[in-house]
Amino acid sequence: MQLILLLFKLLIANIAVGVSRSTMCVCYSTYQKSNSSMVLYHYKESSCSYRVRIALALKDLIKDRDYQLKVVNLHKKDNLTSSFSDISAGQKIPVLQVDGKFLGQTTAIMEYLDEQFPQVNPFYPQDSWERAKVKEFVHMIVSDLQPNQNLTVVRNLGKHFNAGTDLKRSWIKFVIENGFSKIEKSLEKTSGRYCFGNTLTMADICLVPQAVNAVRSEIDLNNYPKLSKIVQNLELIPEFETTHPRYF
């Protein structure tokens, strides 16, 4: 009852020679429009941010555009400042700034990128039914799983239900394991080398960050053999590896 209550190597290589990581990843206490044509407001441990870093890399935008990263430290509550709320009414990351305009929510950002650059590693199949099935899978992660174990929820468990560290960890473990059990069952019908056969889709972009988050929460991915194997395959792809949180 208590439980219920409760890239970077590639990034550097793809940016103009001589630009250092410290130049590209800047932490701002005041958020304002940048002169760069494309800016990602992100945090290294945010699985949502990791999704968009992967998407940008797959679309080859990191090297092809004037690109900058700005760190929004969730643990320091940078996202709750009034200056950040000016660019994100929901005070959430990631936010993509394109030519002075701001876009939030990972699926909205990634679908925008896919529509703007459809010829480079498309994120969805052409067939309307298969495209809908990929979207269904994506929402198993971005709507059903991740929002129920994110930092905001965990903080509120402590604030409103006096949950201690152990109970918070138990809640995170429950949510992820429950979600992964359902994802594993779904993958039994669709998977090949990746989530949907042998072609990369939005499903793969969303799965790896959630798996990294699960490992951080000491969840054994071997309990989900299809999921685990797909994640291993995806982590061999440079755009997934070099945008990993460990490089930021």
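The values are calculated or read from the model by the stated rules, or taken from the named source; none is laboratory data. Source: prediction; values computed, not measured. Neighbour counts run over all protein chains shown; Cβ positions are idealised from the backbone, glycine included. Remember, those area values only see protein heavy atoms, side chains included, never the ligands or the DNA or RNA. Shrake-Rupley method; radii C 1.70, N 1.55, O 1.52, S 1.80 Å.
Give me the accessible area per residue for region 54-188, probe 1.4 Å, as a whole number in Å².
Values: 7080 Å² over 135 residues.
Solvent-accessible surface per residue comes out at 52 Å².
Tell me the carbon and sulfur percent of the accessible area for region 30-151, rounded to whole percent, probe radius 1.4 Å.
Details: 2510 of 5670 Å².
Here it works out to 44 percent.
Return a single number: how many Lys pairs in region 110-200, at a sequence separation of 8 or more or on separate chains, have alpha-carbon atoms below 26 angstrom apart.
13
Quote the FRET efficiency, to the nearest 0.05, computed for Q116 versus S143 with a Förster distance R0 of 30 Å and r equal to the Cβ-Cβ distance.
0.80
Between N178 and D86, 0.36 nm times their residue separation minus their Cα-Cα distance comes to what?
Values: separation 92, 0.36 × 92 = 33.12 nm, distance 3.60 nm.
So the chain would gain 29.5 nm between N178 and D86.
Give, in nm to one decimal, the length gained when the segment between L151 and E235 is fully stretched (0.36 nm per residue of separation minus the Cα-Cα distance).
Full extension from L151 to E235 adds 27.8 nm.
Where in region 145-198 are there trypsin sites (Lys or Arg not before Pro) that are in a DSSP coil and have at most 16 other Cβ atoms within 10 angstrom of their Cβ?
R193
Roughly how many Å² of T165 are accessible to a 1.4 Å probe, to the nearest 10?
It works out to around 80 Å².
Measure off, as a whole percent, the carbon and sulfur share of the 1.4 Å-probe accessible area of region 198-248, all protein chains present.
Taking all protein chains in place, region 198-248 shows 49 percent carbon and sulfur surface.
Can you list the aspartates and glutamates whose alpha carbon sits under 17 Å from that of K77, skipping same-chain ones fewer than 8 residues off?
E45, D86
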